[in-house]
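One structure is given here, and the rest of the page talks about it.
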Amino acid sequence: MGAPKKLFIKTYGCQMNVYDSERMAEALAGGYEPTDRADEADLILLNTCHIREKAAEKVYSEIGRLKRLKDDRPDLRIGVAGCVAQAEGALMMERAPAIDLVVGPQSYHRLPELEARARAGERALHTEFDEDKFAALPGRRRKRAPTAFLTVQEGCDKFCAFCVVPYTRGAEVSRPVARVLDEAARMVDEGVREITLLGQNVNAYHGADGAETRSLAWLIRRLAEIPGLARIRYTTSHPNDMAQDLIDAHGDEPKLMPYLHLPVQSGSDRILKRMNRKHTAAQYVGIIDRLRAARPDLLLSGDFIVGFPEETEEDFRATLDLVERVNYGQAYSFKYSARPGTPAAEREEVAADVADDRLQRLQALLARQQRAALEAMVGREAEVLIEKPGREAGQMVGKSEHLHAVHVEADAAPGTLLRVLVTGAAPHSLAGRPL
Ligand code: 5AD
Ligand code: SF4
(Lines give C-alpha, C1' and ligand atoms only; values in the text may rest on other atoms or scores of the structure.)
(Ligands and ions follow the chains in the order given, each with its own letter.)
Protein backbone atom coordinates (compact mmCIF):
# COMPACT_ATOMS: atom_id res chain seq x y z
CA MET A 1 0.00 0.00 0.00
CA GLY A 2 1.22 3.49 -0.89
CA ALA A 3 0.62 6.76 0.92
CA PRO A 4 -3.04 7.47 1.62
CA LYS A 5 -4.83 9.35 -1.11
CA LYS A 6 -6.60 12.60 -0.37
CA LEU A 7 -10.35 13.05 -0.02
CA PHE A 8 -12.16 16.38 -0.36
CA ILE A 9 -15.85 16.46 0.56
CA LYS A 10 -17.98 19.52 -0.11
CA THR A 11 -21.11 19.49 2.01
CA TYR A 12 -24.33 21.32 1.13
CA GLY A 13 -27.55 21.64 3.13
CA CYS A 14 -28.65 20.23 6.43
CA GLN A 15 -27.00 18.78 9.53
CA MET A 16 -27.86 15.31 8.30
CA ASN A 17 -25.47 15.94 5.42
CA VAL A 18 -22.75 17.19 7.78
CA TYR A 19 -23.08 13.95 9.70
CA ASP A 20 -23.19 11.87 6.51
CA SER A 21 -20.01 13.54 5.21
CA GLU A 22 -18.21 12.44 8.37
CA ARG A 23 -19.46 8.90 7.82
CA MET A 24 -18.30 8.95 4.21
CA ALA A 25 -14.83 10.02 5.34
CA GLU A 26 -14.87 7.18 7.88
CA ALA A 27 -16.00 4.66 5.27
CA LEU A 28 -13.08 5.65 3.04
CA ALA A 29 -10.52 5.99 5.86
CA GLY A 30 -8.81 2.76 4.75
CA GLY A 31 -7.40 4.50 1.67
CA TYR A 32 -8.02 8.20 2.09
CA GLU A 33 -7.22 11.00 4.45
CA PRO A 34 -9.28 14.19 4.45
CA THR A 35 -8.09 17.45 2.90
CA ASP A 36 -9.79 20.83 2.74
CA ARG A 37 -8.24 21.61 -0.64
CA ALA A 38 -10.01 20.45 -3.77
CA ASP A 39 -6.87 21.05 -5.86
CA GLU A 40 -4.84 18.41 -4.05
CA ALA A 41 -7.59 15.79 -3.79
CA ASP A 42 -7.61 12.38 -5.47
CA LEU A 43 -11.33 11.99 -4.83
CA ILE A 44 -13.84 14.82 -4.60
CA LEU A 45 -17.32 14.09 -3.27
CA LEU A 46 -20.14 16.62 -3.48
CA ASN A 47 -22.66 15.87 -0.74
CA THR A 48 -25.67 17.58 -2.23
CA CYS A 49 -28.96 18.96 -0.92
CA HIS A 50 -32.25 18.96 -2.78
CA ILE A 51 -34.28 21.19 -0.46
CA ARG A 52 -33.07 24.49 -1.82
CA GLU A 53 -33.84 25.89 -5.22
CA LYS A 54 -31.94 24.95 -8.39
CA ALA A 55 -30.06 22.21 -6.55
CA ALA A 56 -29.14 20.22 -9.65
CA GLU A 57 -28.00 23.31 -11.57
CA LYS A 58 -25.65 24.23 -8.73
CA VAL A 59 -24.13 20.77 -8.83
CA TYR A 60 -23.64 20.92 -12.60
CA SER A 61 -21.83 24.25 -12.36
CA GLU A 62 -19.62 22.98 -9.53
CA ILE A 63 -18.78 19.89 -11.62
CA GLY A 64 -18.00 22.22 -14.51
CA ARG A 65 -15.42 24.00 -12.33
CA LEU A 66 -13.95 20.78 -10.93
CA LYS A 67 -13.66 19.20 -14.36
CA ARG A 68 -10.76 21.53 -15.10
CA LEU A 69 -8.78 19.98 -12.23
CA LYS A 70 -9.03 16.69 -14.09
CA ASP A 71 -7.04 18.11 -17.00
CA ASP A 72 -3.95 18.27 -14.78
CA ARG A 73 -4.77 15.27 -12.64
CA PRO A 74 -6.14 12.39 -14.73
CA ASP A 75 -6.35 10.21 -11.61
CA LEU A 76 -8.81 12.56 -9.93
CA ARG A 77 -12.24 10.99 -9.42
CA ILE A 78 -15.38 13.05 -8.86
CA GLY A 79 -18.47 11.72 -7.09
CA VAL A 80 -21.93 13.05 -6.31
CA ALA A 81 -23.64 11.98 -3.08
CA GLY A 82 -26.67 13.16 -1.10
CA CYS A 83 -30.24 13.90 -2.09
CA VAL A 84 -29.59 15.28 -5.58
CA ALA A 85 -27.64 12.10 -6.36
CA GLN A 86 -30.60 10.11 -5.11
CA ALA A 87 -33.16 12.05 -7.13
CA GLU A 88 -31.29 12.63 -10.38
CA GLY A 89 -28.06 10.63 -10.25
CA ALA A 90 -28.51 8.54 -13.38
CA LEU A 91 -29.50 11.59 -15.43
CA MET A 92 -26.57 13.55 -14.02
CA MET A 93 -24.14 10.85 -15.09
CA GLU A 94 -25.51 11.10 -18.61
CA ARG A 95 -25.34 14.87 -18.69
CA ALA A 96 -21.96 15.34 -16.97
CA PRO A 97 -19.27 12.94 -18.21
CA ALA A 98 -16.87 14.24 -15.52
CA ILE A 99 -18.87 12.40 -12.85
CA ASP A 100 -17.25 9.05 -12.00
CA LEU A 101 -19.42 7.99 -9.14
CA VAL A 102 -22.96 8.55 -7.85
CA VAL A 103 -24.07 7.35 -4.46
CA GLY A 104 -27.40 7.89 -2.67
CA PRO A 105 -27.71 8.57 1.07
CA GLN A 106 -28.73 4.96 1.75
CA SER A 107 -25.52 3.48 0.39
CA TYR A 108 -22.52 5.24 1.94
CA HIS A 109 -21.20 2.01 3.43
CA ARG A 110 -20.68 0.89 -0.19
CA LEU A 111 -18.29 3.74 -0.94
CA PRO A 112 -15.07 1.66 -0.79
CA GLU A 113 -16.46 -0.68 -3.43
CA LEU A 114 -17.84 2.15 -5.58
CA GLU A 115 -14.56 4.05 -5.29
CA ALA A 116 -12.59 0.98 -6.39
CA ARG A 117 -14.85 0.60 -9.42
CA ALA A 118 -14.50 4.30 -10.29
CA ARG A 119 -10.72 4.03 -9.85
CA ALA A 120 -10.70 1.10 -12.29
CA GLY A 121 -12.32 3.31 -14.91
CA GLU A 122 -15.94 2.31 -14.50
CA ARG A 123 -18.71 4.84 -13.86
CA ALA A 124 -20.20 3.56 -10.63
CA LEU A 125 -23.74 4.35 -9.52
CA HIS A 126 -25.69 3.17 -6.48
CA THR A 127 -29.02 4.73 -5.51
CA GLU A 128 -31.05 1.67 -4.54
CA PHE A 129 -33.12 1.62 -1.34
CA ASP A 130 -32.84 -2.15 -0.99
CA GLU A 131 -30.54 -2.55 1.98
CA ASP A 132 -29.81 -1.67 5.55
CA LYS A 133 -28.93 1.97 5.24
CA PHE A 134 -27.52 1.99 8.74
CA ALA A 135 -25.16 -0.89 8.07
CA ALA A 136 -22.10 -0.52 10.24
CA LEU A 137 -19.35 1.61 8.82
CA PRO A 138 -15.81 0.94 9.91
CA GLY A 139 -14.75 3.28 12.69
CA ARG A 140 -11.46 4.39 14.17
CA ARG A 141 -10.96 5.99 17.55
CA ARG A 142 -10.09 9.62 17.09
CA LYS A 143 -10.11 12.89 18.95
CA ARG A 144 -13.38 14.70 18.42
CA ALA A 145 -14.95 18.11 18.94
CA PRO A 146 -17.10 18.47 22.09
CA THR A 147 -20.32 18.50 20.05
CA ALA A 148 -21.45 15.89 17.54
CA PHE A 149 -24.44 14.80 15.50
CA LEU A 150 -25.73 11.26 15.70
CA THR A 151 -28.30 10.02 13.18
CA VAL A 152 -30.98 7.91 14.86
CA GLN A 153 -33.69 8.03 12.25
CA GLU A 154 -33.86 8.72 8.57
CA GLY A 155 -36.54 9.32 5.99
CA CYS A 156 -40.08 10.55 6.31
CA ASP A 157 -43.61 9.23 5.71
CA LYS A 158 -45.35 12.56 6.13
CA PHE A 159 -45.46 13.69 2.49
CA CYS A 160 -45.93 17.40 3.07
CA ALA A 161 -47.12 18.63 -0.32
CA PHE A 162 -44.04 20.83 -0.94
CA CYS A 163 -41.27 18.51 0.23
CA VAL A 164 -38.87 16.17 -1.60
CA VAL A 165 -37.56 14.37 1.48
CA PRO A 166 -39.97 11.39 1.37
CA TYR A 167 -38.80 10.79 -2.22
CA THR A 168 -35.05 11.37 -1.77
CA ARG A 169 -34.54 9.91 1.71
CA GLY A 170 -37.26 7.31 1.50
CA ALA A 171 -39.59 5.87 4.12
CA GLU A 172 -39.06 6.51 7.80
CA VAL A 173 -36.54 4.08 9.34
CA SER A 174 -35.20 4.10 12.92
CA ARG A 175 -31.83 2.70 13.97
CA PRO A 176 -31.95 -0.02 16.61
CA VAL A 177 -31.38 1.20 20.18
CA ALA A 178 -28.18 -0.82 20.70
CA ARG A 179 -26.48 0.74 17.66
CA VAL A 180 -27.33 4.24 18.80
CA LEU A 181 -26.12 3.58 22.34
CA ASP A 182 -22.87 2.04 21.05
CA GLU A 183 -22.18 4.95 18.77
CA ALA A 184 -22.98 7.47 21.52
CA ALA A 185 -20.69 5.68 23.97
CA ARG A 186 -17.89 5.73 21.40
CA MET A 187 -18.40 9.43 20.74
CA VAL A 188 -18.26 10.24 24.44
CA ASP A 189 -15.13 8.10 24.75
CA GLU A 190 -13.61 10.23 22.00
CA GLY A 191 -14.35 13.49 23.80
CA VAL A 192 -17.90 14.41 22.79
CA ARG A 193 -19.92 16.13 25.56
CA GLU A 194 -23.01 17.15 23.64
CA ILE A 195 -24.91 14.96 21.18
CA THR A 196 -27.60 16.17 18.82
CA LEU A 197 -29.80 13.29 17.70
CA LEU A 198 -30.61 13.69 14.04
CA GLY A 199 -33.46 12.60 11.84
CA GLN A 200 -35.70 14.13 9.20
CA ASN A 201 -38.53 13.22 11.54
CA VAL A 202 -36.56 12.50 14.67
CA ASN A 203 -39.42 12.50 17.15
CA ALA A 204 -41.08 9.72 15.15
CA TYR A 205 -38.17 7.54 16.35
CA HIS A 206 -39.27 4.00 17.17
CA GLY A 207 -36.12 1.94 17.49
CA ALA A 208 -36.01 -1.81 18.04
CA ASP A 209 -34.70 -2.98 21.41
CA GLY A 210 -34.98 -6.78 21.42
CA ALA A 211 -38.71 -7.45 21.16
CA GLU A 212 -39.58 -3.92 22.33
CA THR A 213 -39.91 -0.69 20.39
CA ARG A 214 -38.58 2.42 22.12
CA SER A 215 -39.57 6.06 21.74
CA LEU A 216 -37.26 9.06 21.36
CA ALA A 217 -37.97 10.07 24.97
CA TRP A 218 -36.93 6.62 26.16
CA LEU A 219 -33.76 6.81 24.08
CA ILE A 220 -32.92 10.24 25.48
CA ARG A 221 -33.28 8.97 29.05
CA ARG A 222 -30.97 6.03 28.33
CA LEU A 223 -28.39 8.29 26.69
CA ALA A 224 -28.58 10.59 29.71
CA GLU A 225 -27.22 7.69 31.79
CA ILE A 226 -23.85 7.89 29.97
CA PRO A 227 -21.72 9.60 32.63
CA GLY A 228 -19.46 11.71 30.38
CA LEU A 229 -22.32 12.98 28.25
CA ALA A 230 -23.47 16.40 29.47
CA ARG A 231 -26.05 17.52 26.94
CA ILE A 232 -28.61 16.06 24.55
CA ARG A 233 -30.54 17.78 21.76
CA TYR A 234 -32.58 16.48 18.84
CA THR A 235 -33.72 17.78 15.46
CA THR A 236 -35.96 17.98 13.33
CA SER A 237 -39.37 17.22 14.77
CA HIS A 238 -42.94 17.13 13.45
CA PRO A 239 -45.74 18.47 15.68
CA ASN A 240 -47.82 15.31 15.26
CA ASP A 241 -45.07 13.15 16.80
CA MET A 242 -44.58 15.37 19.85
CA ALA A 243 -45.58 12.61 22.27
CA GLN A 244 -46.39 13.23 25.93
CA ASP A 245 -43.37 11.22 27.14
CA LEU A 246 -41.13 13.54 25.11
CA ILE A 247 -42.82 16.63 26.52
CA ASP A 248 -42.36 15.14 30.01
CA ALA A 249 -38.66 14.56 29.32
CA HIS A 250 -38.29 18.29 28.63
CA GLY A 251 -39.65 18.84 32.13
CA ASP A 252 -37.50 16.48 34.14
CA GLU A 253 -34.45 15.25 32.20
CA PRO A 254 -31.71 17.75 33.09
CA LYS A 255 -29.40 16.69 30.24
CA LEU A 256 -32.09 17.43 27.65
CA MET A 257 -31.42 21.04 26.63
CA PRO A 258 -34.23 23.66 26.71
CA TYR A 259 -34.28 24.21 22.96
CA LEU A 260 -36.64 22.76 20.39
CA HIS A 261 -36.86 23.11 16.63
CA LEU A 262 -40.51 22.43 15.84
CA PRO A 263 -41.47 23.60 12.33
CA VAL A 264 -45.06 24.65 11.67
CA GLN A 265 -44.64 26.07 8.10
CA SER A 266 -47.84 28.18 8.22
CA GLY A 267 -50.34 29.61 10.71
CA SER A 268 -53.33 29.24 8.39
CA ASP A 269 -55.47 26.12 8.80
CA ARG A 270 -56.51 26.31 5.16
CA ILE A 271 -52.88 26.34 3.99
CA LEU A 272 -51.82 23.70 6.54
CA LYS A 273 -54.46 21.45 5.04
CA ARG A 274 -53.25 22.17 1.49
CA MET A 275 -49.72 21.42 2.72
CA ASN A 276 -50.92 18.05 4.02
CA ARG A 277 -49.54 18.86 7.46
CA LYS A 278 -52.39 17.04 9.26
CA HIS A 279 -52.50 19.50 12.17
CA THR A 280 -54.10 22.88 12.78
CA ALA A 281 -52.50 26.07 14.06
CA ALA A 282 -54.38 25.68 17.36
CA GLN A 283 -53.10 22.12 17.80
CA TYR A 284 -49.56 23.35 17.27
CA VAL A 285 -49.98 26.18 19.77
CA GLY A 286 -51.49 23.67 22.23
CA ILE A 287 -48.33 21.54 21.98
CA ILE A 288 -46.16 24.61 22.58
CA ASP A 289 -48.22 25.48 25.66
CA ARG A 290 -47.77 21.97 27.07
CA LEU A 291 -44.02 22.11 26.38
CA ARG A 292 -43.72 25.45 28.13
CA ALA A 293 -45.73 24.18 31.07
CA ALA A 294 -43.13 21.40 31.38
CA ARG A 295 -40.13 23.66 30.75
CA PRO A 296 -40.92 27.39 31.05
CA ASP A 297 -37.59 28.60 29.63
CA LEU A 298 -37.79 26.41 26.49
CA LEU A 299 -36.46 28.32 23.47
CA LEU A 300 -38.41 27.58 20.32
CA SER A 301 -37.22 27.47 16.76
CA GLY A 302 -39.31 26.88 13.63
CA ASP A 303 -39.46 26.69 9.85
CA PHE A 304 -41.88 28.74 7.77
CA ILE A 305 -42.83 28.78 4.11
CA VAL A 306 -44.42 31.92 2.68
CA GLY A 307 -46.12 32.17 -0.69
CA PHE A 308 -47.29 28.56 -0.73
CA PRO A 309 -49.71 28.13 -3.69
CA GLU A 310 -53.06 29.84 -3.00
CA GLU A 311 -51.79 31.64 0.12
CA THR A 312 -53.84 34.84 0.55
CA GLU A 313 -52.97 37.93 2.59
CA GLU A 314 -55.36 36.64 5.25
CA ASP A 315 -53.57 33.27 5.36
CA PHE A 316 -50.26 35.05 5.69
CA ARG A 317 -51.57 37.24 8.53
CA ALA A 318 -52.54 34.04 10.35
CA THR A 319 -48.86 33.04 10.14
CA LEU A 320 -47.81 36.39 11.62
CA ASP A 321 -50.42 35.92 14.39
CA LEU A 322 -49.07 32.48 15.21
CA VAL A 323 -45.51 33.81 15.34
CA GLU A 324 -46.64 36.58 17.72
CA ARG A 325 -48.41 34.00 19.86
CA VAL A 326 -45.53 31.51 20.04
CA ASN A 327 -42.62 33.96 20.23
CA TYR A 328 -39.65 32.19 18.61
CA GLY A 329 -36.09 32.55 19.81
CA GLN A 330 -34.77 31.44 16.44
CA ALA A 331 -36.33 30.53 13.10
CA TYR A 332 -35.83 29.77 9.42
CA SER A 333 -38.19 31.17 6.81
CA PHE A 334 -38.32 30.40 3.13
CA LYS A 335 -40.14 31.56 0.06
CA TYR A 336 -41.99 28.64 -1.44
CA SER A 337 -40.37 27.17 -4.51
CA ALA A 338 -41.76 24.23 -6.44
CA ARG A 339 -39.95 20.89 -6.30
CA PRO A 340 -40.63 18.75 -9.37
CA GLY A 341 -42.53 15.60 -8.47
CA THR A 342 -44.23 17.01 -5.36
CA PRO A 343 -48.02 17.57 -5.35
CA ALA A 344 -47.72 21.32 -4.74
CA ALA A 345 -45.59 21.72 -7.88
CA GLU A 346 -48.76 21.27 -9.96
CA ARG A 347 -50.50 24.23 -8.33
CA GLU A 348 -50.69 27.87 -9.30
CA GLU A 349 -48.04 29.95 -7.58
CA VAL A 350 -48.36 33.20 -5.70
CA ALA A 351 -46.84 36.17 -7.58
CA ALA A 352 -43.13 36.52 -6.82
CA ASP A 353 -43.31 40.14 -5.64
CA VAL A 354 -46.13 39.26 -3.23
CA ALA A 355 -44.15 36.33 -1.82
CA ASP A 356 -41.01 38.50 -1.50
CA ASP A 357 -42.95 41.12 0.42
CA ARG A 358 -44.40 38.51 2.80
CA LEU A 359 -41.01 36.95 3.39
CA GLN A 360 -39.59 40.35 4.34
CA ARG A 361 -42.42 41.06 6.76
CA LEU A 362 -42.14 37.65 8.41
CA GLN A 363 -38.36 37.87 8.68
CA ALA A 364 -38.58 41.32 10.27
CA LEU A 365 -40.90 39.95 12.95
CA LEU A 366 -38.75 36.83 13.54
CA ALA A 367 -35.60 38.97 13.75
CA ARG A 368 -37.24 41.16 16.42
CA GLN A 369 -38.14 38.08 18.44
CA GLN A 370 -34.65 36.62 18.06
CA ARG A 371 -33.07 39.88 19.28
CA ALA A 372 -35.45 40.04 22.21
CA ALA A 373 -34.54 36.47 23.20
CA LEU A 374 -30.83 37.36 23.16
CA GLU A 375 -31.36 40.57 25.10
CA ALA A 376 -33.48 38.80 27.69
CA MET A 377 -30.40 36.73 28.58
CA VAL A 378 -28.34 39.76 29.64
CA GLY A 379 -27.84 39.78 33.40
CA ARG A 380 -28.74 36.09 33.68
CA GLU A 381 -26.49 33.11 34.29
CA ALA A 382 -25.83 30.58 31.56
CA GLU A 383 -23.82 27.41 31.21
CA VAL A 384 -21.51 27.44 28.20
CA LEU A 385 -20.01 24.37 26.56
CA ILE A 386 -16.72 25.75 25.28
CA GLU A 387 -16.01 24.78 21.66
CA LYS A 388 -13.10 26.79 20.27
CA PRO A 389 -11.06 30.02 20.47
CA GLY A 390 -13.04 33.17 19.69
CA ARG A 391 -12.07 35.84 17.21
CA GLU A 392 -10.17 37.91 19.73
CA ALA A 393 -7.16 36.83 21.79
CA GLY A 394 -7.97 35.43 25.24
CA GLN A 395 -11.52 34.69 24.17
CA MET A 396 -13.27 31.33 23.82
CA VAL A 397 -16.64 30.65 22.23
CA GLY A 398 -19.24 28.01 22.96
CA LYS A 399 -22.99 27.43 23.18
CA SER A 400 -25.43 28.08 26.00
CA GLU A 401 -28.19 25.64 26.98
CA HIS A 402 -30.43 27.64 24.64
CA LEU A 403 -27.97 27.19 21.75
CA HIS A 404 -26.90 30.82 21.81
CA ALA A 405 -23.26 31.39 20.83
CA VAL A 406 -21.49 32.93 23.83
CA HIS A 407 -18.09 34.64 23.72
CA VAL A 408 -16.29 34.30 27.03
CA GLU A 409 -13.10 35.98 28.24
CA ALA A 410 -11.60 32.82 29.66
CA ASP A 411 -8.76 30.41 29.21
CA ALA A 412 -10.91 27.27 29.13
CA ALA A 413 -10.24 24.20 26.99
CA PRO A 414 -12.78 22.97 24.42
CA GLY A 415 -15.18 20.62 26.19
CA THR A 416 -15.25 22.63 29.42
CA LEU A 417 -18.63 23.54 30.88
CA LEU A 418 -18.42 27.08 32.23
CA ARG A 419 -20.96 28.94 34.30
CA VAL A 420 -21.02 32.53 33.09
CA LEU A 421 -22.85 35.76 33.72
CA VAL A 422 -24.21 37.09 30.44
CA THR A 423 -22.95 40.65 30.10
CA GLY A 424 -24.05 41.65 26.63
CA ALA A 425 -26.04 40.76 23.53
CA ALA A 426 -25.04 41.22 19.88
CA PRO A 427 -27.35 40.54 16.89
CA HIS A 428 -26.50 36.82 16.81
CA SER A 429 -24.54 36.05 19.95
CA LEU A 430 -23.93 36.83 23.61
CA ALA A 431 -20.93 37.90 25.66
CA GLY A 432 -20.28 36.49 29.11
CA ARG A 433 -17.76 36.36 31.93
CA PRO A 434 -16.99 33.31 34.06
CA LEU A 435 -18.56 33.19 37.51
N1 5AD B 1 -40.04 25.46 -0.78
C2 5AD B 1 -39.64 26.23 0.25
N3 5AD B 1 -39.21 25.73 1.44
C4 5AD B 1 -39.18 24.40 1.58
N5 5AD B 1 -38.82 23.62 2.61
C6 5AD B 1 -38.94 22.33 2.25
N7 5AD B 1 -39.39 22.26 0.99
C8 5AD B 1 -39.56 23.52 0.54
C9 5AD B 1 -40.02 24.10 -0.68
N10 5AD B 1 -40.42 23.35 -1.70
C11 5AD B 1 -38.40 24.14 3.92
C12 5AD B 1 -39.41 23.72 5.00
C13 5AD B 1 -38.65 22.67 5.76
C14 5AD B 1 -37.23 23.18 5.61
C15 5AD B 1 -36.16 22.17 5.89
O16 5AD B 1 -37.15 23.60 4.28
O17 5AD B 1 -39.69 24.83 5.84
O18 5AD B 1 -39.06 22.55 7.11
FE1 SF4 C 1 -40.57 17.05 4.46
FE2 SF4 C 1 -40.49 17.46 7.14
FE3 SF4 C 1 -42.86 17.25 5.85
FE4 SF4 C 1 -41.29 15.07 6.14
S5 SF4 C 1 -42.30 16.27 7.79
S6 SF4 C 1 -42.37 15.69 4.28
S7 SF4 C 1 -39.23 15.97 5.94
S8 SF4 C 1 -41.31 18.88 5.59
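The values are calculated or read from the model by the stated rules, or taken from the named source; none is laboratory data. Bear in mind the structure is a predicted one, so any value in this text is a computation, not a measurement. For neighbour counting, all protein chains shown are included, and Cβ atoms are generated from backbone atoms with ideal geometry for every residue, glycine included. Please note that ligands, DNA and RNA were not included when accessible areas were found on the heavy atoms of the full protein model with its side chains. Shrake-Rupley method; radii C 1.70, N 1.55, O 1.52, S 1.80 Å.
List of remarks:
- Report note on the peptides 119-125, 86-92: ranked by the mean count of other C-beta atoms within 10 Å, highest first, their order is 86-92, 119-125.
- Positive-end residue, region 166-287 charge dipole about Cα centroid, Cβ charges, pick of L223, H279, G251: H279
- Estimated D of region 153-228 in µm² per second, where Rh is the Kirkwood radius over Cα pairs and Stokes-Einstein applies at 10 °C, 1.306 mPa s: 119 µm²/s
- For region 381-434, the relative contact order is 36 percent, taking Cα pairs closer than 8 Å that sit 6 or more residues apart in sequence and dividing their mean separation by the residue count.
- The peptide list 75-81, 410-416, put in order of mean Cβ contacts within 10 Å with the highest first, becomes 75-81, 410-416.
- Using the Cβ-Cβ distance between K143 and L320 with R0 set to 51 Å, the FRET efficiency from 1/(1 + (r/R0)^6) comes to roughly 0.65.
- Within-14-Å neighbourhood charge of R117 [Cβ basis; K, R +1; D, E -1]: 0
- Computed magnitude of the charge dipole of the chain (debye, nearest 20; Cβ of K, R +1, Cβ of D, E -1): 640 debye
- Cross-link table K6/K67; K10/K278; K54/K388, entries beyond 27 Å C-alpha to C-alpha: K10/K278; K54/K388
- In loop segments of region 186-228 as defined by DSSP, there are no trypsin sites (Lys or Arg not before Pro) with at most 16 further C-beta atoms inside 10 Å of their C-beta.
- Per residue accessible area of the chain, 1.4 Å probe, in Å²: 44 Å²
- For the chain, the fraction of 1.4 Å probe accessible surface lying on carbon and sulfur atoms is 51 percent.
- Radius 10 Å from Cβ of I78, net charge of other residues (Lys, Arg +1; Asp, Glu -1): +1
- Shape call, region 381-434: gyration tensor on alpha carbons, a/c limit 1.5: rounded
- Here the translational diffusion coefficient of the chain follows from Stokes-Einstein with Rh set to the Kirkwood radius across Cα pairs; for 25 °C and 0.890 mPa s it amounts to 106 µm²/s.
- Principal semi-axes of the equivalent ellipsoid, √(5λ) from the alpha carbon gyration tensor of region 57-113, are 19, 14, 8 Å from largest down.
- Taking the centroid of alpha carbons for each part, region 45-80 and region 251-326 are 37 Å apart.
- Y332-R68 pseudo-label distance in nm [points 7 Å out on the Cα-to-Cβ vector]: 3.1 nm
- As a rough guide to protection, the peptides 393-399, 64-70 ranked by mean Cβ packing within 10 Å, highest first, stand as 393-399, 64-70.
- Contact order normalised by residue count of the chain, Cα under 8 Å, 6+ apart, percent: 9 percent
- Length available on full extension from A393 to A120: 0.36 nm per residue minus the Cα-Cα distance, which gives 93.3 nm.
- Share, in percent, of DSSP beta bridges within region 286-435 that are antiparallel, nearest 5: 65 percent
- With all pairs of separate Cα atoms included, region 1-135 yields a Kirkwood hydrodynamic radius of 14.6 Å.
- In the chain, the DSSP beta bridges split such that about 35 percent are antiparallel, to the nearest 5.
- The calculated FRET efficiency for the pair A352 and A372, based on their C-beta separation and a Förster distance of 41 Å, comes to about 0.85.
- 20 Å reach of a label modelled at L417, 7 Å along Cα-to-Cβ, counting backbone N of region 221-246: 221-235
- P(r) histogram, all alpha-carbon pairs of region 258-376 included - 10 Å bins from 0, percent: 13, 46, 31, 9, 1
- The chain: calculated mean residue ellipticity at 222 nm from DSSP helix runs of at least 4, using -39500 (n - 2.57): -10500 deg cm²/dmol
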